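Novice: Could you have a look at this structure, given as structure tokens, before my questions?
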Amino acid sequence: MSQAAAVSQTTAVSGTTAVSGTARPGYASPTDVATYGEYTIRRDPADTRPLYRFTGRITADGSSGFPAEPGRYHIYAGWFCPWAHRVTLERALHGLEDVVSVSYVDGTRDARGWAFRETYGPDPVNGFTLLRDAYELTEPGFDGHVSVPTLWDRKTGQVVSNDFSGLGIDLATQFGRWSNGADTYPEHLRAEIAQLDSWIGPAVNHGVHRAAHDEAVRATLLDAFATLDTRLADAPYLVGGQLTEADVRLWVSLVRYRGRRHDLATLPPLSDYPHLWSYARTLYQLPAFHATTDFSTFSEPTAVLTAWETAPSDDA
């Protein structure tokens with residue numbers, strides 16, 4: 001059993017208990033593109049609403065309408081997804097596993113979108129078989145993008161947000177009463193984190209999965225790696241000498257670099273950038289990074305896990 005399957009089964013059981021058994025676990029039928037078609041986002045050109053339509057925010061004082069409360073919120077995530085990984089990683093870094101629950105959708109989809117299957121267990125909160133059900137319940141006739149991560153509010157019975165950027169920041173900043181005291185989004189570093197994201201986002205986060213097939217994207221990605229390698233030569237983290245949201249955003253893409261078979265022939269190994277490679281492996285040794293990562297959900301069997309498992313200090 002993979003790490004993802006094991007953790008998801010445990011999460012599903014505890015989640016069902018938390019809602020007093022009101023959910024009736026069920027599963028969607030297997031992914032069937034032949035019957036349902038491919039998943040596509042059909043948008044009316046006149047529709048100016050954002051792709052990630054639900055942008056509610058959690059606030060410590062409740063001023064947003066969604067106050068930070070233990071046990072109130074649930075994250076629908078995907079082990080395979082770097083955007084969802086940002087959020088589950090922030091949750092773990094801040095010790096919020098018993099404060100905000102999480103469950104995982106299956107890693108394949110057809111036109112129905114993400115679904116709950118035996119792979120990672122049922123939806124423990126509502127018993128949905130399709131993640132789309134959560135969106136339909138929130139906005140009847142919903143015709144937008146169904147994505148992970150999605151934040152669900154148990155109290156009001158609606159989707160709060162599927163804006164992955166805001167979700168991670170809210171977990172890092174609004175649950176201080178219940179967190180372990182970590183601060184991955186310190187106020188004095190936010191401008192620098194945003195500045196880094198302005199070029200790491202396009203070059204790395206959006207470039208990793210496109211670089212093997214696009215020379216321009218590949219060149220931009222590798223230039224970014226070279227810049228990061230230089231930056232990390234004398235620093236353990238990207239910003240301020242401490243672990244921040246900037247590291248979270250970068251790392252979830254680094255760990256997915258060259259994860260697919262066709263990437264291996266066209267992209268150089270991360271070890272060609274020794275400081276960046278050492279940084280990435282050092283972070284993986286931290287419990288939160290290790291616990292929220294399952295290579296089997298986003299890497300081909302040819303990906304070499306042993307290199308990630310070896311701490312840089314153990315290199316010959």
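The values are calculated or read from the model by the stated rules, or taken from the named source; none is laboratory data. Everything numeric here is computed off the predicted structure, so don't read it as measured data. Note that we place each Cβ from the backbone using ideal geometry, even for glycine, and neighbour counts take in every protein chain shown.
Novice: Please work out if Leu196 is in contact (Cβ under 8 Å) with a residue 60 or more places away in the chain and crowded, with 16+ Cβ neighbours inside 10 Å.
Specialist: Working: in contact (Cβ under 8 Å) with a residue 60 or more places away in the chain: no; crowded, with 16+ Cβ neighbours inside 10 Å: yes.
So Leu196 does not fit the description; no.
Novice: May I ask you to verify whether Arg281 is without any contact (Cβ under 8 Å) to a residue 40 or more places away in the chain and basic (Lys, Arg)?
Specialist: Details: without any contact (Cβ under 8 Å) to a residue 40 or more places away in the chain: yes; basic (Lys, Arg): yes.
Here the answer is yes, as Arg281 does meet what is asked.
Novice: Condition first: within 14 Å of Thr173 (Cα to Cα) and either in contact (Cβ under 8 Å) with a residue 12 or more places away in the chain or of a type outside the set (Asp, Glu) (or both). Now tell me which residues in region 40-63 satisfy that.
Specialist: Step one: list which residues in region 40-63 are within 14 Å of Thr173 (Cα to Cα), which gives 57-62.
Residues satisfying the conditions are Arg57, Ile58, Thr59, Ala60, Gly62.
Listed here are the residues, each with its yes/no results for (1) over 24 Å from Thr119 (Cα atoms); (2) surrounded by 15 or more Cβ atoms within 10 Å (Cβ to Cβ).
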site: Gly241; (1), (2): yes, no
site: Trp277; (1), (2): yes, yes
site: Arg281; (1), (2): yes, yes
site: Phe295; (1), (2): no, yes
site: Phe298; (1), (2): no, yes
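Novice: Check Asp272, Asp214, Asp247 and return the single one that is among the charged types (D, E, K, R), touching a strand residue (DSSP E or B) at 6+ places or on another chain (Cβ under 9 Å) and not assigned by TED's automatic domain parsing to the domain that holds Ala77.
Specialist: Numbers: Asp272 fails: touching a strand residue (DSSP E or B) at 6+ places or on another chain (Cβ under 9 Å); Asp214 fails: touching a strand residue (DSSP E or B) at 6+ places or on another chain (Cβ under 9 Å).
Checking each option against the conditions leaves just Asp247.
Novice: Is it true that Arg117 is closer than 22 Å to Phe142 by Cα and part of a loop (DSSP other than H, G, I, E, B)?
Specialist: On the way: closer than 22 Å to Phe142 by Cα: no; part of a loop (DSSP other than H, G, I, E, B): yes.
No.
Novice: Let me ask something else. With the requirement that a residue be of a type outside the set (A, V, I, L, M, F, W, C), out of contact with any Phe, Trp or Tyr (no Cβ under 7 Å at 6 or more places or on another chain) and closer than 25 Å to Tyr257 by Cα, what does region 53-94 give you?
Specialist: The answer is Pro82, His85, Thr88, Glu90, Arg91.
Novice: Shifting gears a bit: May I ask you to say which residue of Gly95, Gly71, Gly107, Gly65 is among the small types (Gly, Ala, Ser) and either under 19 Å from Glu245 (Cα atoms) or in contact with a Cys (Cβ under 6 Å, 6 or more places away or on another chain) (or both)? Before you say what the answer is, go through the steps one by one.
Specialist: Details: Gly71 fails: either under 19 Å from Glu245 (Cα atoms) or in contact with a Cys (Cβ under 6 Å, 6 or more places away or on another chain) (or both); Gly107 fails: either under 19 Å from Glu245 (Cα atoms) or in contact with a Cys (Cβ under 6 Å, 6 or more places away or on another chain) (or both); Gly65 fails: either under 19 Å from Glu245 (Cα atoms) or in contact with a Cys (Cβ under 6 Å, 6 or more places away or on another chain) (or both).
Being among the small types (Gly, Ala, Ser) and either under 19 Å from Glu245 (Cα atoms) or in contact with a Cys (Cβ under 6 Å, 6 or more places away or on another chain) (or both) holds for just one of Gly95, Gly71, Gly107, Gly65, which is Gly95.
Novice: Considering only residues that are acidic (Asp, Glu) and either within 12 Å of Asp247 (Cβ to Cβ) or assigned to a loop (DSSP other than H, G, I, E, B) (or both), which ones fall in region 181-191?
Specialist: Step one: filter region 181-191 for residues acidic (Asp, Glu), giving 183, 187.
If the condition is that a residue be acidic (Asp, Glu) and either within 12 Å of Asp247 (Cβ to Cβ) or assigned to a loop (DSSP other than H, G, I, E, B) (or both), then Asp183 is the only one that fits.
Novice: Say we look at region 92-133 and pick out the residues that are hydrophobic (A, V, I, L, M, F, W, C) and within 25 Å of Glu38 (Cβ to Cβ); which of these is surrounded by the fewest Cβ atoms within 10 Å (Cβ to Cβ)?
Specialist: Step one: list which residues in region 92-133 are hydrophobic (A, V, I, L, M, F, W, C), which gives 92-93, 96, 99-100, 102, 105, 111, 114-116, 125, 128, 130-131.
From the residues that got through so far, the ones that are within 25 Å of Glu38 (Cβ to Cβ) too are 105, 111, 114-116, 128, 130-131.
Values: Val105: 30, Ala111: 13, Trp114: 24, Ala115: 23, Phe116: 28, Phe128: 24, Leu130: 18, Leu131: 27.
Ranking the candidates gives Ala111 first.
Novice: Of the residues that sit in region 256-269 and are out of contact with any His (no Cβ under 8 Å at 6 or more places or on another chain) and crowded, with 20+ Cβ neighbours inside 10 Å, which one is nearest to Trp83 (Cα to Cα)?
Specialist: If we take residues in region 256-269 being out of contact with any His (no Cβ under 8 Å at 6 or more places or on another chain) and crowded, with 20+ Cβ neighbours inside 10 Å, then Tyr257 is nearest to Trp83 (Cα to Cα).
Novice: For residues in region 203-239 being part of a helix (DSSP H, G or I) and of a type in the set (Asp, Glu), which is surrounded by the most Cβ atoms within 10 Å (Cβ to Cβ)? Before you say what the answer is, go through the steps one by one.
Specialist: Here is the first cut: in region 203-239, the residues part of a helix (DSSP H, G or I) are 203-205, 211-213, 215-231.
Cutting the leftovers down to of a type in the set (Asp, Glu) gives us 215, 223, 229.
Values: Glu215: 9, Asp223: 11, Asp229: 18.
Within region 203-239, the match that is surrounded by the most Cβ atoms within 10 Å (Cβ to Cβ) is Asp229.
Novice: Are any of the residues in region 58-67 surrounded by fewer than 20 Cβ atoms within 10 Å (Cβ to Cβ) and among the charged types (D, E, K, R)?
Specialist: Kept after step one, since they are surrounded by fewer than 20 Cβ atoms within 10 Å (Cβ to Cβ), are these residues of region 58-67: 59-65, 67.
Pick out the ones that are also among the charged types (D, E, K, R) and you get 61.
Yes: region 58-67 contains one or more residues that are surrounded by fewer than 20 Cβ atoms within 10 Å (Cβ to Cβ) and among the charged types (D, E, K, R).
Novice: Restrict the check to region 65-84 and report whether at least one residue is modelled with pLDDT under 95 and part of a loop (DSSP other than H, G, I, E, B). Reasoning before the result, please.
Specialist: To start, the set of residues in region 65-84 that are modelled with pLDDT under 95 comprises none.
Scanning region 65-84 turns up no residue that is modelled with pLDDT under 95 and part of a loop (DSSP other than H, G, I, E, B).
Novice: While we're here: Within region 180-193, track down each residue that is out of contact with any Ser or Thr (no Cβ under 8 Å at 6 or more places or on another chain), surrounded by 12 or more Cβ atoms within 10 Å (Cβ to Cβ) and within 14 Å of Ala92 (Cα to Cα).
Specialist: Quick first cut of region 180-193, residues out of contact with any Ser or Thr (no Cβ under 8 Å at 6 or more places or on another chain) only: 180-183, 187-188, 190-192.
Still in the list and also surrounded by 12 or more Cβ atoms within 10 Å (Cβ to Cβ): 182-183, 190, 192.
Ala182, Asp183 - these are the residues of region 180-193 that are out of contact with any Ser or Thr (no Cβ under 8 Å at 6 or more places or on another chain), surrounded by 12 or more Cβ atoms within 10 Å (Cβ to Cβ) and within 14 Å of Ala92 (Cα to Cα).
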